[in-house]
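The values are calculated or read from the model by the stated rules, or taken from the named source; none is laboratory data. It should be emphasised that the depicted structure is a prediction, and the values quoted were computed from it without experimental measurement. Methodologically, a virtual Cβ is constructed for each residue, glycine included, from the backbone with ideal geometry; neighbour enumeration extends over all protein chains shown.
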Amino acid sequence: MRTDAAELAADDADVYRRLAPELLRFANALVGRSDAADVLSSAVVKALASATWPAVANRRAYLYRAVFNEARRWKRRAAQRLAREARASVADRWELPALRPDVREAVGALSMRQRAVIVLTYWADLDPTAIAERLGISEGSVRRHLARARARLREALDA
Amino acid sequence: MPDRHTTDRLDIELRRIAEALVAEAPEVPESLPANHVVVRLHGGPRRRYLLVAAVVVGVVSLVGALLAATRRAADDADVRVNQQPAVTGPPVGEAAPTCAGDADGRLLIGGLLPETGDLASLGAPMIAAASLAVEEINAAGGVLGRPVEYIPGDSGDGDPEAANLTVDSHLAAGADAVLGAAASGVSLDVIDTITSACRIQFSPANTSPELTDHDDGDLYFRTAPSDVLQGRALADLIVAEGNRTVALLAPQGAYSEGLLDFTKRPLGEQGAEVVVERTYDPEATSFDAEVEAVVAADPDALVMTGFAESSIILNALAARGFTPDEHGVYVYIDNVGPAWGESFTDPGGPVGVKGTRPTAGATDEFRRRLLLREPDLQDFSYGPETYDAVIIMALAAERAGTDNPAEVARNINGVTRGGEACATFDECRDLIAGGEDIDYNGESGPLEFSAAGEPTVAGVAILSYGADNRIDDSLTEFRQAKF
């Protein structure tokens with residue numbers, strides 16, 4: 001059964017309007033301000049174009065995962081492109097004026113998964129089960145990333 | 001020494017950090033930037049044309065137009081997918097042995113399971129489950145009014161001689177069926193002897209696709225799924241974890257290349273793109289070309305259908321920055337072996353690697369029943385499949401009204417599908433006695449055998465490597481795969 005294409009497109013536009021703000025904040029936490037919008041657009045376009053999209057039940061979780069995966073791709077590509085340049089400093093990606101410089105460095109040094117788990121735990125207030133579902137990784141791995149990220153940041157905060 | 005942060009204090013700080021991270025987000029783009037979309041998509045000229053055209057036309061809502069175009073592109077993709085031969089399940093029907101077979105009124109099953117050798121640890125749950133099934137059947141009144149008899153037997157240590165001796169002894173004793181073997185290779189060593197004597201062979205753990213098509217006189221059955229089904233389960237996992245581009249590496253050889261193919265096909269059906277597909281000489285000392293190909297393509301996920309050498313490849317990839325932390329890395333656990341992680345010199349090398357093993361999870365209740373028999377049991381792999389194999393044969397004999405192996409075989413597929421659902425031997429037997437057609441749903445799942453005598457729905461375990469380079473049991477998940 002296939003719904004009318006225009007109807008589906010209108011539906012997709014609605015999903016985008018509804019979810020883009022939070023997805024963008026999530027993308028920002030992963031890759032920083034300058035790349036966040038690009039990561040979001042790219043993730044959304046790919047998600048909507050995928051053959052599985054019409055059958056997706058939890059679109060929010062699916063799009064979070066798409067953003068997460070796109071951010072990982074983005075980071076890898078950026079790393080290749082910028083190999084000759086100095087590693088982009090945290091300040092270029094997030095200004096984070098509220099944080100001490102050493103804490104800022106520690107935040108930037110977290111892996112993308114760790115940052116994703118921190119943001120979903122402390123900003124989106126999700127528990128490990130929900131985070132696991134949203135990122136498409138196992139609950140145990142969410143707990144591990146969270147524990148490691150907490151340990152790193154505690155070290156920085158205690159310094 | 002500065003004050004240590006308490007947990008509460010830390011949580012407050014982390015909340016501030018998380019809020020700071022998301023607070024700096026730029027304005028939400030009102031639409032998806034057109035030029036960006038055109039550059040990013042790899043959909044070929046047609047899709048690009050659609051997207052550019054949608055922008056140029058300047059429809060009222062740019063977002064809507066873009067999304068419509070994207071949808072059309074997706075529809076095109078759907079059409080292409082639909083032009084592939086339709087994916088249908090394997091044919092359904094009863095086995096039709098042509099041999100005559102003998103009956104003596106009692107169902108006698110001979111075991112061909114690993115009691116000694118390297119696979120002995122794998123054998124323990126199977127042997128316990130076989131005894132449990134026989135015990136429960138007999139407690140419920142047996143088959144054809146007589147107790148089922150079970151004669152244990154060792155499949156040995158991969159030496160075809162040992163397996164053949166056990167089989168000869170079972171055949172001489174008048175066994176109606178041989179339960180085993182665990183390894184596909186051992187089963188292939190004995191299948192002709194068993195089936196040409198017009199007896200049933202029923203394996204709880206064979207996964208080789210070769211056994212689906214083997215000329216077995218319609219007398220070979222199994223409760224473990226073919227690797228074709230396992231490949232489907234792995235592909236489902238890979239796509240569900242959000243991977244879109246996949247690299248496949250396989251050692252040369254019919255088995256491994258077959259597995260590669262069984263993984264690739266369902267990946268394609270689900271819209272994932274295979275960006276690298278290479279076979280290599282498993283005896284090679286370096287895998288630089290394969291590593292280079294994977295690094296260059298930078299896929300979301302990597303699947304290795306190989307054996308122990310997969311750790312050499314993964315170590316070489318890690319040296320180039322391709323790690324299981326940032327990419328999905330998937331293996332077939334029964335190929336690399338459960339102790340594979342220990343072959344990594346680098347601690348943490350395989351952390352994040354996932355793999356499948358084609359066995360259903362044992363329920364707590366089933367574990368308790370097994371542990372009552374065998375208190376030292378550590379692992380339950382293939383226990384449910386073994387238990388179901390025995391129950392299915394017993395129910396098929398009840399349905400046939402005889403222990404004649406040819407007649408029992410004719411009834412096996414039917415008890416697993418179509419009819420009144422039932423889950424225990426006595427419940428199913430009573431339905432049969434009442435003239436009902438039954439659908440046995442067992443400890444390993446719904447079964448639903450195909451005409452080839454193997455499950456079309458089966459449990460698959462997803463195992464993950466954790467710290468210590470070992471499989472972390474707390475991360476194990478069970479899923480159902482189906483044709």
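One line per residue, one yes/no per condition, for (1) surrounded by fewer than 22 Cβ atoms within 10 Å (Cβ to Cβ); (2) at positive phi:
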position: B:Phe425; (1), (2): no, no
position: B:Gly435; (1), (2): yes, yes
position: B:Tyr440; (1), (2): no, no
position: B:Glu443; (1), (2): no, no
position: B:Gly453; (1), (2): no, yes
position: B:Val460; (1), (2): no, no
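Here is the figure for region B:5-43: residues that are at pLDDT 50 or above and either facing another protein chain (nearest Cβ under 7 Å) or touching a Ser or Thr at 6+ places or on another chain (Cβ under 7 Å) (or both) total 18. Per the listing B:Glu269, B:Glu273, the residue uniquely within 14 Å of chain A (Cβ to nearest Cβ) and touching a residue at least 60 places away in the same chain (Cβ under 8 Å) is B:Glu269. Of the candidates B:Leu229, B:Leu188, the single residue that is surrounded by fewer than 21 Cβ atoms within 10 Å (Cβ to Cβ), at pLDDT below 95, of a type in the set (A, V, I, L, M, F, W, C) and closer than 21 Å to B:Thr386 by Cα is B:Leu188.
Residues in region B:135-171 that are assigned to a helix (DSSP H, G or I) and surrounded by 22 or more Cβ atoms within 10 Å (Cβ to Cβ): B:Ile137, B:Ala163, B:Thr166, B:Val167, B:His170. The residues of region B:154-185 that are among the charged types (D, E, K, R) and in contact with a strand residue (DSSP E or B) (Cβ under 8 Å, 6 or more places away or on another chain), listed by number, are B:Asp154, B:Asp176. Under the condition of being within 14 Å of chain A (Cβ to nearest Cβ), touching a residue at least 12 places away in the same chain (Cβ under 8 Å) and part of a helix (DSSP H, G or I), the residues counted in region B:293-314 number 3. Here B:Ala318 clears all of (1) more than 22 Å from B:Gln252 (Cβ to Cβ); (2) in contact with a helix residue (DSSP H, G or I) (Cβ under 9 Å, 6 or more places away or on another chain); (3) not in a loop (DSSP other than H, G, I, E, B) except the condition numbered (2). The single residue among B:Asp430, B:Asp379, B:Asp426 that is out of contact with any strand residue (DSSP E or B) (no Cβ under 7 Å at 6 or more places or on another chain), within 30 Å of B:Gly348 (Cα to Cα) and modelled with pLDDT under 95 turns out to be B:Asp379. State which residue is farthest from B:Ser155 (Cα to Cα) when the search covers only region B:192-209 and only residues that are of a type in the set (A, V, I, L, M, F, W, C) and crowded, with 24+ Cβ neighbours inside 10 Å. My answer is B:Ile200.
Selection of first residues in region B:329-355 that are over 13 Å from B:Thr305 (Cα atoms) and of second residues that are among the polar types (S, T, N, Q) and part of a loop (DSSP other than H, G, I, E, B), restricted to Cβ pairs under 8 Å at least 6 apart or on distinct chains, gives the following pairs, ordered by first then second residue: B:Gly352/B:Thr323.
Within the option set B:Leu260, B:Leu302, being touching a Ser or Thr at 6+ places or on another chain (Cβ under 7 Å) and crowded, with 18+ Cβ neighbours inside 10 Å holds for one residue only, B:Leu260. Considering region A:99-122, and only residues there that are over 16 Å from A:Arg72 (Cβ atoms) and in a loop (DSSP other than H, G, I, E, B), the residue that is farthest from the other protein chains (Cβ to nearest Cβ) turns out to be A:Arg100.
Per-residue answers, yes or no, for (1) in contact with a Ser or Thr (Cβ under 6 Å, 6 or more places away or on another chain); (2) under 18 Å from B:Asp300 (Cβ atoms); (3) at the interface with chain B (Cβ under 7 Å from one of its Cβ atoms); (4) buried (at least 24 other Cβ atoms within 10 Å of the Cβ):
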| position | (1), (2), (3), (4) |
| --- | --- |
| A:Arg18 | no, no, no, no |
| A:Asn28 | no, no, yes, yes |
| A:Ala37 | no, no, yes, no |
| A:Thr52 | no, yes, yes, no |
| A:Leu63 | no, yes, no, yes |
